[in-house]
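Reviewing the structure listed below.
The values are calculated or read from the model by the stated rules, or taken from the named source; none is laboratory data. The structure presented is a predicted model; accordingly, all values stated were derived computationally and were not measured. Methodologically, a virtual Cβ is constructed for each residue, glycine included, from the backbone with ideal geometry; neighbour enumeration extends over all protein chains shown.
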Amino acid sequence: MPYAGIDIGSRTIELVVVDEKGEILQNLQADTGFDPMQEARQMVDGTAYDGIMATGYGRNLFELSFEAPTVTEIKAHARGALHFFPEARAVLDIGGQDSKAIALFDNGRVKKFEMNDRCAAGTGKFLEIMARSLGYDIEAFGREALLTEKDVNISSMCTVFAESEVTSLIAKGQDRREIARGLHASVIRRAVGMINRVSAAGEIVFTGGVAKNPCMQTMLRDKLGRPVLVPPDPQLVGALGAALLAAERKAEA
Amino acid sequence: MKERQKTMTPLMNDGYDGEPAKRVLSYMQAQKEQGRPIVGIYCGYAPIELIQAMGIVPAVLRAFSKVPIASAETVLPANICPLIKSSYGFILEGTCPFFAMSRAVIGETTCDGKKKMFELAAKVKPLHVMDLPQLADEPEARANWTAMIRKLQRFLEATFDCKASDQEIETAIQGTNRKNRLMRKCFDYAAMHPPLINWQEMYDLGFLALAATADHMTPILVAVLERLENRLSQGLYFSRADAPRVLVTGCPVGGDALKVFRIIESCGGIVVAPDACTGMKAFTGEIEEDTGDPIQALARRYLDIPCACMTPNGKRLSALSELIERFKPDAVVDFVLTACHAYNVESYKIGRHINDHHGLPYLKIESDYSDHDEGQIRTKIDALFEIAKN
């Protein structure tokens with residue numbers, strides 16, 4: 001029997017359907033837009049499943065509209081990460097509007113977590129805005145940043161201040177790739193601190209949309225000095241976790 | 001559960017349930033009409049017993065609303081704690097009725113932001129600042145704080161033309177002990193499974209009891225205890241039996257900061273132990289009686305308050321352990337007001353203590369009086385409860 005998980009994030013919505021063995025049968029993605037429930041309905045309407053669980057910042061709205069159980073992004077990402085890497089005991093999820101470091105017990109349950117929710121600092125949104133100010137699309141941003149060894153120090157964590165810092169670096173004739181790498185480094189510094197506060201050693205599973213960025217993957221490995229594991233489609237991990245939890249919930253009932 | 005709550009008699013049943021500020025305002029107005037002078041206070045370190053013994057009424061000044069913050073920021077920097085900004089904003093706008101009633105205000109040097117704000121507030125109203133020691137366990141601290149309380153006594157004598165004998169102070173001390181014992185009895189009903197008293201009721205009670213005299217509080221608390229006993233015999237309680245029980249420690253929680261209690265509740269949890277000076281902290285411990293030196297007895301009791309403004313503040317860990325033993329929470333939330341460095345830094349130790357000594361999940365929430373972060377707080381609380389259920 002198929003089970004679905006839907007992750008309603010700030011930037012995108014993912015829907016994943018799994019069979020009872022946890023194999024992914026189907027996945028869909030859409031931009032969240034300004035009417036996330038309308039988007040969610042369209043995705044759900046064309047999909048067959050026996051149970052669905054919602055996660056992401058829109059989960060409570062979904063719960064009301066669809067009478068579905070919910071789970072936090074924290075538990076969902078932990079569950080989804082374990083699907084690919086059962087031995088992992090730590091997860092870093094960097095999404096559109098926040099980032100989370102999660103430590104797991106040996107039984108896979110969440111032990112503790114830390115969440116950055118100050119502002120766009122250290123999130124996908126930060127990278128997106130910075131890419132734009134350098135004239136890169138989001139895919140090229142990470143790729144180009146990897147082509148240089150040097151990074152320029154970006155001292156502002158605030159998105160607004162960092163943007164003006166970038167503007168002044170451009171005006172000084174600073175190399176575009178080096179600025180790009182510097183911007184990646186500033187997000188990494190924050191992520192490394194967060195991971196080290198919840199988990200001291202071992203492998204890290206890197207999830208969320210930002211985990212697709214090759215420069216982020218490389219720099220995280222370098223700065224952390226720990227193995228970084230990236231699932232095949234890191235952006236789907238939250239929805240996958242919710243789908244697996246929906247299946248397990250049914251099995252327990 | 002909703003049905004049950006509907007049939008419950010409001011705990012204080014005086015028409016002010018859920019509106020503690022209005023209740024206290026009417027109390028203050030009655031005191032004023034009886035010709036008693038009012039002095040404003042900000043913090044749990046203000047020696048209430050001395051003030052009451054002199055026939056003066058202490059009024060806790062407003063500090064928990066986001067509304068006056070914009071006014072405050074015309075003078076104060078934006079990146080300081082919301083409690084300081086709100087307090088000062090109320091003073092600037094003239095919108096705190098308790099401040100308006102007060103002839104003078106007592107402040108303590110609990111933190112840098114406050115003590116510098118007091119310098120500005122002193123331009124509006126006579127403001128007596130007490131130099132609070134920071135190393136409360138040092139022998140000199142008690143001598144210094146005793147001296148500060150005596151100095152306050154002279155300030156109040158000069159400002160209000162009131163006096164208090166040692167015997168009158170002793171009587172006030174014994175009153176507080178009686179009042180606090182009754183308050184702790186009320187809190188016993190929060191220790192039950194499920195609890196028979198909720199955070200709003202404890203907040204209401206504490207709001208009045210903090211500054212009101214034992215004589216005023218005793219009949220109220222006796223009636224409250226009777227209603228709680230009735231709830232017990234009728235099987236009326238709050239929350240589902242399996243709702244996660246939460247101890248909330250950290251900075252004071254009032255007004256717009258109450259969002260943290262509301263979110264805990266809407267995530268399916270129940271606050272069984274609101275620590276902090278707006279909660280149970282003010283009513284713990286006894287002041288030593290019949291010492292022959294009541295001012296020194298007061299100094300000792302107030303320095304026992306486990307506030308993060310003290311260092312190293314080991315008492316907070318033992319006080320938390322006692323609360324955990326008594327109220328059996330499933331999780332601990334540490335509420336830190338934005339830019340409150342003392343509580344913010346101390347949270348590391350608190351988290352370790354809660355995780356390692358008590359094996360309980362711990363969550364720090366750093367927030368202010370705005371409501372922009374409710375979604376994020378909700379996610380954190382939901383995740384905390386997921387961990388608690390493990």
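Hey, any hits in the stretch A:94-101 for a residue that's in the same structural domain as residue A:246 (by TED's automatic domain parsing) and among the basic types (Lys, Arg)?
Initial filter on the stretch A:94-101 (in the same structural domain as residue A:246 (by TED's automatic domain parsing)): none.
No, that holds for no residue.
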Selection within the stretch B:349-390 - surrounded by fewer than 19 Cβ atoms within 10 Å (Cβ to Cβ), more than 9 Å from chain A (Cβ to nearest Cβ) and of a type in the set (S, T, N, Q):
B:370
Of all residues making up the stretch B:316-332, the number that are buried (at least 17 other Cβ atoms within 10 Å of the Cβ) and over 17 Å from the mean Cα position of the chain (by Cα):
8
With the stretch A:120-194 as the region, which helices (runs of 4 or more DSSP H) entirely inside it contain at least 2 residues that are more than 17 Å from the chain's Cα centre (by Cα) and β-branched (Val, Ile, Thr)?
A:159-171
Over the stretch B:261-304, the set of residues free of Cβ contacts under 8 Å to residues at least 24 places away in the same chain and within 25 Å of residue B:383 (Cα to Cα) is B:262
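Could you say whether any residue in the stretch B:322-344 is basic (Lys, Arg) and more than 14 Å from chain A (Cβ to nearest Cβ)? Talk me through it step by step, then tell me what you get.
Within the stretch B:322-344, the subset basic (Lys, Arg) is B:326, B:328.
Add one more test, that the residue is more than 14 Å from chain A (Cβ to nearest Cβ), and what stays is B:326, B:328.
So far as the stretch B:322-344 goes, yes, one or more of its residues are basic (Lys, Arg) and more than 14 Å from chain A (Cβ to nearest Cβ).
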In the stretch A:67-85, anything away from chain B (no Cβ under 14 Å) and either under 24 Å from residue A:52 (Cβ atoms) or surrounded by 24 or more Cβ atoms within 10 Å (Cβ to Cβ) (or both) is listed as A:67, A:68, A:80, A:81, A:82, A:83, A:84
For residue B:217, only one of the following conditions fails: (1) over 29 Å from residue A:59 (Cα atoms); (2) surrounded by fewer than 16 Cβ atoms within 10 Å (Cβ to Cβ). What is its number?
(2)
Looking at (1) buried (at least 18 other Cβ atoms within 10 Å of the Cβ); (2) part of a loop (DSSP other than H, G, I, E, B); (3) of a type in the set (S, T, N, Q), find the lone condition where residue B:87 falls short.
(2)
Of (1) of a type in the set (S, T, N, Q); (2) assigned to a loop (DSSP other than H, G, I, E, B); (3) touching a helix residue (DSSP H, G or I) at 6+ places or on another chain (Cβ under 6 Å), residue A:10 satisfies all except one. Which?
(3)
Give the residues of the stretch B:323-333 that are out of contact with any Asp or Glu (no Cβ under 9 Å at 6 or more places or on another chain) and either under 17 Å from residue B:312 (Cβ atoms) or part of a helix (DSSP H, G or I) (or both), sorted by residue number.
B:324, B:325, B:327
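Among the residues of the stretch A:57-66, write down those that are more than 9 Å from chain B (Cβ to nearest Cβ) and buried (at least 24 other Cβ atoms within 10 Å of the Cβ). Quick ask: steps written out before the conclusion?
Step one: of the stretch A:57-66, the residues more than 9 Å from chain B (Cβ to nearest Cβ) are A:58, A:61-66.
Of everything in the stretch A:57-66, just one residue is more than 9 Å from chain B (Cβ to nearest Cβ) and buried (at least 24 other Cβ atoms within 10 Å of the Cβ), namely A:62.
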